[in-house]
Amino acid sequence: MTEAASTDHTASGELVARHARPNNAALAAELNELLSVVEPASVANMVLQRAFAHGATDIHLDPTTLGTRIRFRVDGTLQDILPIPADKAAVLLSRIRVMASMDITDRRRPSDGAISADRFPGLPRDIRVGSTPTINGERLVLRLMPDAEQLNNLTSLGFYDDQLSAVRTLLDAPYGLMLVVGPVGSGKSTTVHSLLKELNSPEKSVVTIEDPVERRIPGINQIQIDTKTGLTFVNALRGTLRQDPNIICVGEIRDPETAQIACRAATTGVLVVSTLHANNTASAVDVLRGFGISSMSIADCLRGVVAQRLIRKVCDESREEVEPDDKARRLLQMDDHDHETRIVHGISTDANFNTGYSGRTAVFESMLVSHDIRNAISNGMAAYEILQVAHDGGMVSLEDAARRKVYDKITSVDELRRIVNDTQQG
């Protein structure tokens with residue numbers, strides 16, 4: 001090894017010690033070795049390819065005082081991959097900027113770009129790139145786009161049979177408003193596209209209004225929002241309503257005007273499917289009220305709400321069954337006389353980034369707007385009161401859905417604890 005290479009390895013080692021320990025030693029070693037023999041610009045392609053191969057959804061290139069820290073978001077959690085010394089990081093970031101057709105001379109302002117898979121062999125899908133300046137230098141975040149042609153079936157998302165039955169009832173509604181809610185990164189878009197797959201038929205006119213269009217669906221008219229040209233959710237929705245649609249999907253209800261138009265459309269013969277940022281099914285009602293929609297109007301147009309979260313699955317290849325301790329038993333609401341139930345947790349290996357998890361599934365809360373719930377909404381009841389009415393009517397909560405996943409040995413009690421803490425804080 002050359003003296004320069006040795007120096008580079010030493011610098012990388014210092015970065016690891018002071019900023020991050022790689023969660024996948026084999027991948028870190030591969031990329032580190034590549035850095036020692038080729039130009040950093042050539043490593044950019046390898047980083048992107050390896051991110052796709054490991055199922056990452058995002059790549060974070062975070063500047064530090066010593067260089068740049070590379071992390072992959074896998075199964076919703078950021079994993080340290082490799083630290084790169086400052087001199088090599090500058091070349092790597094410049095290469096990514098060129099690939100994304102971004103201005104490499106202006107790094108003082110936030111900017112966006114895109115890497116097209118058509119231009120770079122070895123990349124299975126497009127990548128969106130965002131740049132922001134920080135006190136330590138430029139930060140890049142790359143979002144790996146989902147497979148535009150791959151649509152999940154509803155049955156593969158994680159619904160239990162009783163929840164799936166409620167969702168199919170909603171899909172059979174001739175008109176009204178159906179919402180999918182949850183925080184950022186909870187999988188709402190995947191669920192909505194699965195719903196559209198079920199709704200799509202030659203007998204219906206289906207239109208989507210999205211920002212961005214992530215998956216192409218044959219037979220559906222998809223509109224890409226473009227604020228630069230003035231094509232917003234509001235005017236796209238207004239224009240679509242003049243074109244005799246049966247079903248409209250609004251990517252997200254973000255403002256009062258979109259909410260008003262969507263609710264009005266939902267009471268005039270159109271099935272409107274959309275997403276909201278809301279903690280649970282009942283809190284979606286409060287969000288609509290916050291947009292200025294009256295309780296009477298919400299009760300009139302809303303047909304149902306699906307709330308969801310993503311949870312990590314215990315690695316199938318590296319796991320073990322254990323007896324739940326007292327804390328786990330309380331969280332699982334176990335019977336005092338149940339001494340036979342076993343739960344699973346993962347074993348940390350390089351293959352699962354030393355997390356014990358591999359892959360994700362969703363947990364759901366499916367609320368049909370029954371007669372009792374409609375009355376609760378129109379009478380102005382608070383979200384927690386509406387939620388209680390729904391539970392009294394047999395709705396399975398997000399927490400109980402997560403408990404089922406633990407009992408079914410799909411996920412761990414730690415993931416259940418995360419879901420419980422998350423929903424209680426909302």
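The relative contact order of the chain comes to 13 percent, based on Cα pairs under 8 Å that sit 6 or more residues apart.
Here the gap between residue 222 and residue 404, fully extended at 0.36 nm per residue and compared with their Cα-Cα distance, gives a gain of 61.9 nm. Classification of the chain by its C-alpha gyration tensor yields an oblate form. The axis ratio a/c (a ≥ b ≥ c) is 1.5 or more, and b/c is at least a/b. Per-residue extension of 0.36 nm, minus the Cα-Cα distance of residue 101 and residue 132, leaves a gain of 9.6 nm for this segment. Using a Gaussian network model of the chain in which every pair of alpha carbons under 10 angstrom is joined by a spring, one finds that among 72, 291, 233 the greatest mean-square fluctuation is at 291. Ranking 310, 53, 291 by Cα position along the charge dipole of the chain, where only Lys, Arg, Asp and Glu carry charges on their C-beta atoms, puts 291 farthest toward the positive end.
The relative contact order of segment 151-247 comes to 24 percent, based on Cα pairs under 8 Å that sit 6 or more residues apart. Sparsely packed loop sites in segment 96-199 (the GluC sites (Glu not before Pro) outside DSSP H, G, I, E and B with at most 13 other Cβ atoms within 10 Å) comprise 149. Legend: calculated FRET efficiency, residue 87 to residue 184, from the Cβ-Cβ distance at R0 = 25 Å, rounded to 0.05, equals 0.10. Only Lys, Arg, Asp and Glu carry charge here, each on its Cβ (+1 for the first two, -1 for the last two); on that basis the chain has a dipole of about 1080 debye about its Cα centre. Taking the Cβ-Cβ separation of residue 25 and residue 268 as r and a Förster radius of 60 Å, what is the calculated FRET efficiency to the nearest 0.05? About 0.50, to the nearest 0.05.
Based on alpha-carbon centroids, what's the gap between segment 257-292 and segment 356-416 in Å, whole number please? Measuring centre to centre over Cα atoms gives 19 Å.
In the elastic network of the chain, a GNM with C-alpha springs shorter than 10 Å, the most mobile of 326, 112, 300 is 326. Name the residue, out of 136, 280, 32, whose mean-square fluctuation peaks in a Gaussian network model built on the chain with Cα pairs under 10 Å. Highest fluctuation among the options: 136. What's the angle, to the nearest 10 degrees (0 to 90), between helix 3-19's Cα axis and the longest principal axis of the chain? Compared with the principal axis, the helix lies near 40 degrees. For segment 240-328, GluC sites (Glu not before Pro) meeting the loop criterion (DSSP other than H, G, I, E, B) and having at most 11 other Cβ atoms within 10 Å: 317.
Annotation note: trypsin sites (Lys or Arg not before Pro) in segment 215-253 located in DSSP loop regions with a Cβ neighbour count of at most 12 within 10 Å are 216, 242. Tell me which residues come under 5 Å, amide H to amide H, from residue 411 once H is placed; ignore anything under 5 positions away on its chain. For residue 411, the qualifying residues are 314, 406.
Here the spin labels are modelled as points 7 Å beyond Cα on the Cα-Cβ line, and at residue 112 and residue 277 they lie 1.5 nm apart. Using θ = phi - 60° in the Karplus curve 6.51 cos²θ - 1.76 cosθ + 1.60, the 3J(HN,Hα) couplings for segment 276-283 round to 9, 8, 8, 6, 8, 4, 5, 5 Hz; x is entered for Gly and Pro. Helix 256-266 versus the longest principal axis of the chain: what angle, 0 to 90°, nearest 10, using Cα atoms? Once rounded, the angle reads 50 degrees.
Where a number appears in this text, it was derived from the coordinates with a stated rule and is not lab data. Quantities reported herein were computed from a predicted structural model and do not represent experimental measurements. Every residue, glycine among them, receives a Cβ derived from its backbone with ideal geometry; neighbour counts consider all protein chains shown.
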